[in-house]
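Take a look at the structure set out below.
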Amino acid sequence: MSLTEVQFTGATVEQAPAGAIQGRSPWQLAWRRLRSDRLALASAIVIVLLCLVALAAPLIASVIGHPPAIQYPNGTTAQGLPTPPGGQFLLGTDNLGRDLLVRIVYGARISLLVGLSSTAIATVLGVAVGLVAGYYGGVIDGVLARFMDVVLAFPYLILALALVTVFGASLWMVVAVIAFFSWAALARIVRGQTLSLKEKEYIEAARAIGASPLRIMMVDLLPNVIAPVLVVATLLVPTAIVFESTLSYLGLGIQEPTASWGNIIAGSQQFYEVAWWFLIFPAGALLITTLAFNLLGDGVRDAIDPSTERIFAARRKKRALPVGGSPLVEPGRPVVEED
Amino acid sequence: MDFVRFIVRRILFGIIVLWLVTLGTFFLFFVIPSDPAVTLAGKGGTPERVAQIKQRLGLDQPVIVQYWHYLDRLLHGDLGTSFFTGVSVNSTIKQDLPPTLSLIIGGAVLWLIGGIGVGVLSATRARSLLDRFATVFVLIGISMPTFVVGLLLLFVVYFQLAKHGIQNFAPTYIPFSQNPAQWFEHMILPWITLALVSAATYSRLTRGSMLDALGEDYIRTARAKGLTERRVIYRHGLRAALTPVVTQLGVDMGTLIGGAVVTETVFGLGGVGAALLRAFNYGDVYVILGIVIVTAVAVVVANIVVDIAYSVLDPRVRLT
């Protein structure tokens with residue numbers, strides 16, 4: 001009897017309760033949990049819609065027929081105030097007679113672009129620094145960890161304002177500044193994970209067979225730290241969006257006439273007492289976006305780490321269990337499943 | 001002895017950080033070509049006039065020499081003089097400090113009481129209606145930028161009440177020495193604004209660590225030996241639960257100061273944040289440097305205090 005035959009017969013024996021037990025990777029399990037989280041799913045849909053709106057901004061503007069920077073003479077009242085929603089301007093106008101709806105749609109482009117790209121940069125940077133600090137340890141770790149502490153503890157808004165003042169306020173400057181102040185939180189988590197992982201036997205084994213440090217970091221360590229990174233990164237996006245809007249609100253982020261939610265709200269400050277729509281609509285857009293990302297981030301965390309407790313999940317849990325526990329499973333046999 | 005060594009080390013590290021801050025900020029603003037002398041000379045400024053101004057301000061010397069002079073004055077407690085107003089930075093900061101301090105101290109008190117209070121309440125009544133409300137509040141709080149909170153509060157509380165003749169919450173600063181009651185009235189909305197975002201984060205943090213602490217064996221022991229529930233929660237549970245919260249506090253000093261700048265702007269309080277934004281707009285280097293250094297000192301000192309508080313709260317913490 002050859003070795004392959006042994007394995008073959010062994011496998012058929014294992015398959016006995018046909019289809020009852022399905023092997024699933026942790027990622028598949030996480031994905032299933034995420035899909036059954038209705039709040040996270042709704043948030044994901046909102047985010048996808050926002051992205052579509054942002055991508056289609058020029059199209060929306062041309063359908064409405066109001067480019068974002070055109071100041072319409074009939075867009076302001078006789079007293080020079082913004083016109084209320086309705087009629088020609090669905091969400092009203094701003095103080096310069098521009099279509100608020102179109103400007104909010106264009107603002108979504110800025111928010112999402114800044115939020116996603118600065119998070120991407122911060123993630124790559126944070127993971128790289130965290131891996132290096134955790135893997136090498138010693139002096140390298142000491143210096144990098146201290147540097148993370150300083151970046152984290154610093155009044156980042158003030159430093160961000162200084163950097164933007166010196167280097168000029170542009171879209172990519174804003175992205176760079178936000179990324180610079182976001183990577184440290186990630187790096188700290190990756191560093192912590194790496195510190196404990198590198199003591200494991202499989203890393204020792206990898207080193208023993210002569211794997212280079214780069215290979216160990218990329219192939220052996222990275223896949224094992226990616227779960228917390230994913231969670232933190234999802235939660236960094238709304239932080240970055242808030243950061244951008246704050247910079248723009250203070251006049252040191254995205255500059256007029258380019259529309260961003262922050263500078264629209266800054267412009268509304270003198271007028272919203274009489275023109276509520278000028279504040280409420282952009283503020284609402286901002287709130288919906290950050291809320292959606294935060295909820296999705298929470299959902300991703302719950303999906304990846306099922307030990308975290310879900311306050312709103314009580315009802316769903318009861319319903320989800322019979323679906324998870326297949327009726328084909330023999331009674332009395334423990335079901336290894338999520339939840 | 002360990003304790004003294006620890007504090008000395010922390011202070012030394014703090015001084016190094018402060019020095020790096022002066023170095024970074026100074027060179028950031030002097031290496032980049034935005035010449036205050038040209039701005040001061042005005043549009044019709046001749047090169048001679050510019051040179052004259054440069055000499056008067058000491059801008060004709062190499063940057064490294066200017067930095068040396070600056071450090072020298074700094075060590076004597078002199079933050080320099082504004083290029084544009086000719087007023088000493090010390091007196092600018094001193095004058096602008098009352099609204100900022102009122103805002104930060106009041107906001108921090110509200111933030112901690114609100115955040116930890118809500119956190120403890122929702123942990124002890126986990127999954128109750130209150131807990132769910134708190135969770136919604138936390139999510140909205142975390143998702144709202146400070147300036148949006150401020151503007152919405154003004155819109156809802158002040159403008160609507162003002163229509164009915166109630167002007168108590170007008171966005172302005174009344175010095176405490178002038179009228180304490182009015183000072184308080186006018187600070188309420190700014191305090192809530194500054195506190196809300198951070199309070200949300202803290203209540204979540206407190207809830208989590210409180211639940212962890214209440215699940216420990218020693219809590220069961222405390223209950224088993226017949227302590228009142230109140231004593232179990234506050235003496236045994238909260239004390240342990242506060243450790244991660246206090247750690248986070250050091251990190252969030254920066255957030256608090258940034259939030260203060262935004263809140264001051266929203267409510268027109270004047271203050272150091274407003275002065276800083278003005279200085280950024282003019283490129284008023286010494287004012288920027290002065291304010292950045294004062295904030296950095298505040299952050300460093302607060303972090304040392306937090307570290308000490310940490311070891312008092314949790315005797316297991318080794319000071320290294």
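Points worth noting:
- Checked against the criterion of being assigned to a helix (DSSP H, G or I) and modelled with pLDDT under 85, the candidates B:302, B:275, B:260 yield just one match: B:302.
- Out of B:86, B:58, sole residue that is more than 27 Å from the chain's Cα centre (by Cα), within 23 Å of residue B:271 (Cβ to Cβ) and small (Gly, Ala, Ser): B:86
- Flag if residue B:273 is within 11 Å of chain A (Cβ to nearest Cβ), buried (at least 21 other Cβ atoms within 10 Å of the Cβ), closer than 30 Å to residue B:126 by Cβ and in contact (Cβ under 8 Å) with a residue 24 or more places away in the chain: no
- Scan of the stretch B:115-143 for residues that are within 12 Å of chain A (Cβ to nearest Cβ) and among the aliphatic types (A, V, I, L, M), ordered by number: B:123, B:126, B:129, B:130, B:134, B:136, B:138, B:139, B:140, B:142
- Filtered residue count, the stretch B:9-41, keeping only those that are closer than 20 Å to residue B:292 by Cβ and either at pLDDT below 75 or of a type outside the set (A, V, I, L, M) (or both): 14
- The set of residues in the stretch A:89-125 that are touching a Gly at 6+ places or on another chain (Cβ under 7 Å) and either under 30 Å from residue A:232 (Cα atoms) or assigned to a helix (DSSP H, G or I) (or both) contains only A:100.
- Residues satisfying the stated conditions in the stretch B:223-237, i.e. of a type outside the set (A, V, I, L, M, F, W, C) and in a helix (DSSP H, G or I): B:223, B:229, B:230, B:231, B:234, B:235, B:236, B:237
- Hey, residue B:287 at pLDDT 85 or above, within 18 Å of residue A:157 (Cβ to Cβ) and among the β-branched types (Val, Ile, Thr) or not: yes
- Applying the criterion of being surrounded by fewer than 22 Cβ atoms within 10 Å (Cβ to Cβ) and touching a helix residue (DSSP H, G or I) at 6+ places or on another chain (Cβ under 6 Å) to the residues of the stretch A:167-187, the residue that is farthest from the other protein chains (Cβ to nearest Cβ) is A:173.
- Each residue in the stretch B:242-259 was checked for being buried (at least 24 other Cβ atoms within 10 Å of the Cβ) and more than 9 Å from chain A (Cβ to nearest Cβ), and 0 of them qualify.
- Top-ranked residue in the stretch A:240-249 [being under 20 Å from the mean Cα position of the chain (by Cα) and at the interface with chain B (Cβ under 9 Å from one of its Cβ atoms); ranked as surrounded by the most Cβ atoms within 10 Å (Cβ to Cβ)]: A:245
- Members of the stretch A:234-245 found to be at pLDDT 90 or above and in contact with a Leu (Cβ under 7 Å, 6 or more places away or on another chain), listed by number: A:237, A:245
- Test: residue in the stretch B:146-160 that is crowded, with 17+ Cβ neighbours inside 10 Å and among the hydroxyl-bearing types (Ser, Thr, Tyr): yes
- If only residues of the stretch B:286-304 that are more than 10 Å from every other protein chain (Cβ to nearest Cβ) and surrounded by fewer than 24 Cβ atoms within 10 Å (Cβ to Cβ) are counted, the one that is farthest from residue B:94 (Cα to Cα) is B:304.
- Residue, nearest to residue B:146 (Cα to Cα), within the stretch A:250-269, restricted to residues that are under 22 Å from the mean Cα position of the chain (by Cα) and not small (Gly, Ala, Ser): A:261
- Among the residues of the stretch B:191-222, those that are more than 19 Å from the chain's Cα centre (by Cα) and either away from chain A (no Cβ under 14 Å) or outside any helix (DSSP H, G or I) (or both) comprise B:206, B:213, B:215, B:216, B:217, B:218, B:219, B:220, B:221, B:222.
- Residue list for the stretch A:112-126, restricted to those being over 20 Å from residue A:69 (Cβ atoms) and either buried (at least 24 other Cβ atoms within 10 Å of the Cβ) or within 15 Å of the chain's Cα centre (by Cα) (or both): A:115, A:116, A:117, A:118, A:119, A:120, A:121, A:122, A:123, A:124, A:126
- Single condition residue B:70 does not satisfy, out of (1) surrounded by fewer than 18 Cβ atoms within 10 Å (Cβ to Cβ); (2) within 21 Å of residue B:18 (Cβ to Cβ): (1)
- Scanning the stretch B:171-185 turns up at least one residue that is part of a helix (DSSP H, G or I), touching a Ser or Thr at 6+ places or on another chain (Cβ under 9 Å) and farther than 22 Å from residue A:291 by Cα.
- All of A:211, A:205 fail the test of being among the small types (Gly, Ala, Ser), more than 14 Å from chain B (Cβ to nearest Cβ), over 28 Å from residue A:249 (Cβ atoms) and in contact with an Asp or Glu (Cβ under 8 Å, 6 or more places away or on another chain), apart from A:211.
Residue-wise test of (1) of a type in the set (Lys, Arg); (2) buried (at least 20 other Cβ atoms within 10 Å of the Cβ); (3) within 14 Å of chain B (Cβ to nearest Cβ); (4) within 28 Å of residue A:69 (Cβ to Cβ).
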residue	(1), (2), (3), (4)
A:110	no, yes, no, yes
A:133	no, yes, no, no
A:150	no, no, yes, no
A:161	no, yes, yes, yes
A:165	no, yes, yes, yes
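- Residue match in the stretch A:266-276 (condition: of a type in the set (Asp, Glu) and at the interface with another protein chain (Cβ under 8 Å from one of its Cβ atoms)): yes
- Meets criteria (part of a helix (DSSP H, G or I), surrounded by fewer than 17 Cβ atoms within 10 Å (Cβ to Cβ) and either more than 14 Å from chain A (Cβ to nearest Cβ) or touching a Gly at 6+ places or on another chain (Cβ under 9 Å) (or both)) for residue B:281: yes
The values are calculated or read from the model by the stated rules, or taken from the named source; none is laboratory data. Keep in mind that this is a model prediction, so the values were computed, not measured. Glycine gets a Cβ as well: all are built from the backbone with ideal geometry, and neighbour counts include every protein chain shown.
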